[in-house]
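Student: Sharing a structure here in structure tokens format.
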Amino acid sequence: MRKLQVFLGPQHPGAPGNVAFLLTLDGERILDVDLIPGFLHRGFEKMMEYRRWDMDLVMSARICVEDPDHVELSYTHAMDQIFGVDPPERAKYARTIVAEFSRLASHLLWMMHFAGPVAARYATSWAIAAREEVLKWFDYVAGHRIYHHYIYPGGVRWNLPKDLKERTLQVLDRVEGLVRDMERGFFLHPVFQRRARDVGRLKASDAVRLGATGPVLRGSGVAHDIRKALKYDAYGMVDFEIPKGEYGDAYDRAMVRLREMYVSIGIIRQAVQQIPEEGPYRWRLPMALPPGEGVGRVESARGEFMTHIVSTTEKPGGRPLEPYRIKFRGPTMAHLTTVLKHIVHNEEITVADFPVVVGSLDPCPPDIDR
Amino acid sequence: MVLKLLGLGFRYLLRRPYTRLYPYKEPPFTTERTRARHLLYMDRCIGCRACQLACPADAIKMYKIEGEWPKNRLKIFPGVDYSRCTYCGLCVEACPTSALVMTDYTMEHLITEDKSTTLYTPEMLAEPPKGEHRVTFTKDLLKPPPQPPPKKGGGG
């Protein structure tokens, strides 16, 4: 048997962003896969040790470009613990709304990346059209399309607009219409079903053992969601279900993300109805960082995102404005190393299936490298 | 199934495209909160360097400008390097005299082929953008200002 090694990415259109894979092939079949990260390493964790805690918030959003608000949210939860504050009620709802819009934007971008390799070019355009509506909403609330810097330690950065309810409901109606068209035109399409069914199967026990989180874990049938488990921010005050798959294949993971879009829309609709009309939006925090530790865990669009911050007054030199150490843990590394290797070793995956399997894991390369 | 899909596709064919025909027909999309190019009110600036210290991207440097500046004894003003600026707005929040604000004159207008022109000196920042714009991000957005958090375990 003659083995062939192929270097796929990061310039390859089938690669999911700035990562590369070394594939070991026997003809068309992939025997082994190795992740080659490092193309996007920017050294954020080290840079943050030399910047003030409010500047670090701005930098943290760059860790996952597709879903920046969940990184900000986990950073903010850790900072809230260090400062010992509980955000105001209005801010809790605002954070929930922004985080769910971020999940929508992320899933729609995933949809664009995923539909391309399975040759459904029309669906990529629909996904980007729906995402455009979400990005315009972000510009209206947070002042920017991609990096919002809206969720802030102690609450949110500034007050929500007065016509939030009406405008948000309008945006959601438009997005929901587009998502329903995508469901009919892409997700329920027999060609897509044949392409993704029984490809990249992951059993529930393996998903748990290999450290899978988010839609990858739920696609395998494990209904675990940190929004339900920890009930952070306003998630304890809204009603929602956790979508889960049955077979754990690429199709189930895709359908979990589709149903999650509907769930997000439902959560936002409830939150804009329940949000208090008046009240503070942020507590004023001191500039000096008190000594302590904080851990923020959130359910990001790709899975569990965790931030661990240590602050100490014993830092040599200067005032305690900067954290001593920050550590981020994103979900993508586990998905592209252990989970992907497990799928390739236990199933006959061909080169043509590889973008479908990787796409169904929805990787975010910036959160591997940081 | 095929007919249904054709019908769906045909509906999209008749819709207005989402793409904005910038710069030929439409300006970039902005809202009342869009953060983009700064505007500097030099008569308000006191040269405290708070904006420079708040910038996470090290995009702001202070420049000495000769002239009569009664509020600014050091005669130093901020200049922004737009090849570094991330438009986060921390400089505007940090300014104690509201001398620095942001407009919705977005980065699409600031695109340049010459790297040496990305640096905007204080005089250039004080000059309002030539195109259509509005002042969007000021400290007024932070009104009412954040309150100190309630004390835990209080209530007498």
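Rule-based calculations on the coordinates, nothing more; no lab input. Model, not experiment: these values are computed from the prediction. Note that each Cβ is placed from the backbone with ideal geometry, even for glycine, and that neighbours are counted across all protein chains shown.
Student: By counting other Cβ atoms within 10 Å of each Cβ, how are A:K162, B:K139, A:K228 ranked from fewest to most?
Tutor: A:K162, A:K228, B:K139
Student: Compute the length gained on full extension between A:E278 and A:V295: take 0.36 nm times their separation in residues and subtract their Cα-Cα distance, giving the result in nm to one decimal.
Tutor: Taking 0.36 nm per residue and subtracting the Cα distance, the gain is 3.2 nm.
Student: In Å and whole numbers, how far do the C-alpha atoms of the protein assembly as shown stretch along each principal axis, longest first?
Tutor: Rounded to whole Å, the extents work out to 80, 59, 52 Å.
Student: Could you tell me the largest-minus-smallest coordinate of the C-alpha atoms of the range B:25-142 on each of the three principal axes, in descending order and whole angstroms?
Tutor: Dimensions of the range B:25-142 along the principal axes of its Cα atoms: 47, 35, 26 Å.
Student: While we're looking at this one, here's another question. For A:T338, B:T103, which order do you get if you count the other beta carbons within 10 Å of each Cβ and list the fewest first?
Tutor: Ascending Cβ contact count within 10 Å gives the list A:T338, B:T103.
Student: Let me ask another. How big, in percent, is the set of alpha carbon pairs in the range A:18-159 lying more than 23 Å apart?
Tutor: Value for the range A:18-159: 49 percent of Cα pairs lie more than 23 Å apart.
Student: For chain B, what does -39500 (n - 2.57) per DSSP helix run (n ≥ 4), summed and divided by total residues, give at 222 nm, in deg cm²/dmol to the nearest 500?
Tutor: The helix-only estimate for chain B comes to -4000 deg cm²/dmol at 222 nm.
Student: Determine the alpha carbon to alpha carbon distance for each of A:K46/A:K228; B:K25/B:K61; B:K64/B:K143; B:K61/B:K115 and list only those over 25 Å.
Tutor: Exceeds cut-off: A:K46/A:K228; B:K25/B:K61; B:K64/B:K143.
Student: Any number yet on Rg/Rh for the range A:201-358, C-alpha, Kirkwood?
Tutor: We get a ratio of 1.08 for the range A:201-358.
Student: I need A:M111, B:M42, A:M287 ordered by Cβ neighbour count within 10 Å, fewest first.
Tutor: A:M287, B:M42, A:M111
Student: Moving on. How many angstrom lie between the C-alpha centres of the range B:20-64 and the range A:229-308?
Tutor: 32 Å
Student: Please work out the FRET efficiency for the pair A:D173 and A:E49, using the Cβ-Cβ distance as r and a Förster radius of 35 Å; give the result to the nearest 0.05.
Tutor: With R0 = 35 Å, the Cβ-Cβ based efficiency is 0.20.
Student: Can you work out the FRET efficiency for the pair A:I36 and A:A352, with r the C-beta to C-beta distance and R0 = 25 Å, to the nearest 0.05?
Tutor: 0.75
Student: Please work out the FRET efficiency for the pair A:S205 and B:S116, using the Cβ-Cβ distance as r and a Förster radius of 41 Å; give the result to the nearest 0.05.
Tutor: Working from the Cβ atoms, E equals 0.10.
Student: Next question, about the same structure. What longest region of chain A stays clear of GluC sites (Glu not before Pro) that DSSP places outside H, G, I, E and B and that have at most 15 other Cβ atoms within 10 Å?
Tutor: Counting at most 15 other Cβ atoms within 10 Å as exposed, the longest clean stretch of chain A is A:50-240.
Student: Using a 4.7 Å cut-off between beta carbons, which cysteines in chain B end up with no partner cysteine at all?
Tutor: When partners are defined as cysteine Cβ atoms under 4.7 Å apart, chain B leaves B:C45, B:C48, B:C55, B:C85, B:C88, B:C95 without one.
Student: Here's a follow-up. By a straight-distance test (C-alpha under 15 Å), which aspartates and glutamates pair with B:K4 as possible cross-link partners, with residues fewer than eight away in the same chain excluded?
Tutor: The reachable aspartates and glutamates, counting only those whose Cα sits under 15 Å from B:K4, are A:D181, A:E183.
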